[in-house]
Amino acid sequence: MSNAYTIIVADDHPLFRAALTQAIGAQVDGAKVLEAEHLEHLERQMHSEIDLVLLDLHMPGANGFSGLIYLRNHFPSVPVIVISGNEQAIVIHRAMHFGAAGFIPKSSSMSDIIEAITEVLNGGQWVPADLPAANKEMDAQDSKFAGQLASLTPQQFKVMVMLTEGLLNKQIAYELSVSEATIKAHVTAILRKLGVYSRTQAVILAGRLRIEHPQDESVK
């Protein structure tokens, strides 16, 4: 690969982040690699000229798939490869539904990781070759939910995530520095777009964003 790319490695595991940064620098010619150890740090580095983000689903500040959907909402032109120690098929399929361009298990060899990066930088998608087929019913539900999420504005999505964390309207208003009336309007719009009638139903539906933290995310 001879093009110059700017790539962000967003992962809170310093050894894995360093190893991945070194490998990309050595095998992707002219690549500029930035690092982020939590979601806020990633947000500060994001702009439209970033060519690729490698995103750990469990980095601080993210709630399951919320970091991925945040990036897809705010920077739709920037491809995101999820890289995670959680290798369950349902997690991989769900990540792809929510807009990932690829999914790399942390147990992958460095050659597979570079192959995935190359494929996505060339405009393709990449998932493990041995990925089982999706459950059709679950796949259909995830597709519907992904479409509903895509209809939310970035601010509405942020409010929805805060709802799942159990925050009250006045608490969300304080966190976002807006009026409580504004939050009420957002909640009404969220319920309508998700096709539900209560906050509780919205929180249950948004449970699809959560994933189990793998027991061991050490570098393998």
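Just so it is clear, none of the values below were taken in a lab; they were calculated from the coordinates. Everything numeric here is computed off the predicted structure, so don't read it as measured data. Quick reminder, even Gly has a Cβ in these numbers, built from the backbone with ideal geometry, and neighbours come from all protein chains shown.
Quick look at the numbers
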{"quantity": "Region 1-37, residues that are assigned to a helix (DSSP H, G or I), closer than 20 Å to E115 by Cβ and of a type outside the set (G, A, S)", "calculated": "F16, R17, L20, T21, Q22, I24, Q27"}
{"quantity": "Out of V161, V91, sole residue that is in contact with a strand residue (DSSP E or B) (Cβ under 8 Å, 6 or more places away or on another chain) and more than 17 Å from P79 (Cβ to Cβ)", "calculated": "V91"}
{"quantity": "Restricting region 180-213 to residues that are loosely packed, with under 12 Cβ neighbours inside 10 Å and hydroxyl-bearing (S, T, Y), the residue that is nearest to L149 (Cα to Cα)", "calculated": "T188"}
{"quantity": "Residue satisfying all of: in region 102-118; hydroxyl-bearing (S, T, Y) and in contact (Cβ under 8 Å) with a residue 60 or more places away in the chain; surrounded by the most Cβ atoms within 10 Å (Cβ to Cβ) among these", "calculated": "T118"}
{"quantity": "Subset of region 119-134 (residues that are surrounded by 12 or more Cβ atoms within 10 Å (Cβ to Cβ) and of a type in the set (A, V, I, L, M, F, W, C))", "calculated": "V120, L121, W126, V127, L131, A134"}
